[in-house]
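Engineer: Take a look at this one; I'll ask things after.
The values are calculated or read from the model by the stated rules, or taken from the named source; none is laboratory data. Keep in mind the model is a prediction, meaning the values are calculated, not measured. A quick note on method: Cβ atoms are made from the backbone with ideal geometry, for glycine too, and the neighbour counts reach across all protein chains shown.
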Amino acid sequence: MFTNLMRSELSRLRYRRRAWGSVILVILAGVFLPASWADQIRQPGSQEILLAQVDLVRMQATGECPDCTLDNVVYFLTFDEAVVTVLPQAALVLAFIAFMIVVTYVGADFTSGALATQLTFTPQRGILLAARTLACGVLGAVLTLVGIGTTVASMVVSYMAVNGIGSIGPAHGLLELIASTMFYGFIVGLIAALVTFTIRSTPLSMAAAVAVLVVNLLIDDMGVAGRDAWVYHLLPLRNAIAMIYGRSDLTDPFTDGPNFGVVTRGESLIFHLCVIAVLAVVAGLVFERRDVKG
């Protein structure tokens, strides 16, 4: 029964206009996200390098910046650096968009009565919850994969347009970054579905996500002493970065001191599995007891 229901859920994704509209949305996001670093990718010409050398000599002579080098004065991103700098940020934005899309997708079935109709044919709510949640995970993975793929394509075209066809060098870890983004999209899809099944309100589910994000940013900006670094291990954004990029270094934003810890991808995976497990239990209990009306 679960297999047939899962197949049905995936088929519904294929033929719903809302799903295809979501794909178009993440494609547009992937096209425009690299614009944030467009001013940092142009390689300097010989005249600009000469002027920068003169400026560097002046700064060193006046003591304005005695330790500066030419790289500090003339800075541009190589393609490899652009991948490392831009893609994790783009992946976080795409994951947030995917979360909102999945919340809208699940919430629409509550408000339209489609879920109530489906329950008349599938009375076992636990199985329906599991199938719908997994389908939403697939939707999240597809959306983030399409979005990050579009971002990479946009980056390549932009970089070659500015610096020439031969300017594209090796991009270490690019495939790993794409794969980890897709996997994180799957996790985000699961969490978004479970949150919506628990709250049963699209606006409230979105508000909850924004509230968690704001609290996360406030705690991150306040800084945490090294002895309290465990707090960072519970922050969703830190764990998201670790899942996508492979690690998230823990630093104090108010000092230039060394890192006092790191959130690894393994720790991030455990964190997300615990979140999914807790949400699954809560969503299952709430959904079993809730009166779903058409």
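Engineer: Going by the structure shown, is Val162 in contact with a Lys or Arg (Cβ under 6 Å, 6 or more places away or on another chain) and of a type in the set (A, V, I, L, M, F, W, C)?
Structural biologist: Yes.
Engineer: When you check Ala95 against the structure, is it in a helix (DSSP H, G or I), surrounded by fewer than 17 Cβ atoms within 10 Å (Cβ to Cβ) and in contact with a Phe, Trp or Tyr (Cβ under 9 Å, 6 or more places away or on another chain), yes or no? Quick ask: steps written out before the conclusion?
Structural biologist: Values: in a helix (DSSP H, G or I): yes; surrounded by fewer than 17 Cβ atoms within 10 Å (Cβ to Cβ): no; in contact with a Phe, Trp or Tyr (Cβ under 9 Å, 6 or more places away or on another chain): yes.
Judged against the criteria, Ala95 is not a match.
Engineer: Evaluate the following for Ala141: is it closer than 17 Å to Ala280 by Cβ, touching a residue at least 12 places away in the same chain (Cβ under 8 Å) and part of a helix (DSSP H, G or I)?
Structural biologist: Answer is no for this residue.
Engineer: Oh, and also: Tally up the residues in the stretch 16-57 that are surrounded by fewer than 16 Cβ atoms within 10 Å (Cβ to Cβ), at pLDDT below 70 and part of a helix (DSSP H, G or I), please.
Structural biologist: Here the count works out to 12.
Engineer: May I ask you to verify whether Tyr105 is touching a Cys at 6+ places or on another chain (Cβ under 8 Å), within 29 Å of Ala240 (Cβ to Cβ) and either crowded, with 21+ Cβ neighbours inside 10 Å or not β-branched (Val, Ile, Thr) (or both)?
Structural biologist: Here the answer is yes, as Tyr105 does meet what is asked.
Engineer: Same structure again: In the stretch 115-122, is there at least one residue being closer than 21 Å to Pro203 by Cα and hydrophobic (A, V, I, L, M, F, W, C)? Explain how you work it out, then say what you get.
Structural biologist: Filtering the stretch 115-122 for residues closer than 21 Å to Pro203 by Cα gives 115-116.
Filter once more, so that each one left must be hydrophobic (A, V, I, L, M, F, W, C): 115-116.
Yes, the stretch 115-122 contains a residue that is closer than 21 Å to Pro203 by Cα and hydrophobic (A, V, I, L, M, F, W, C).
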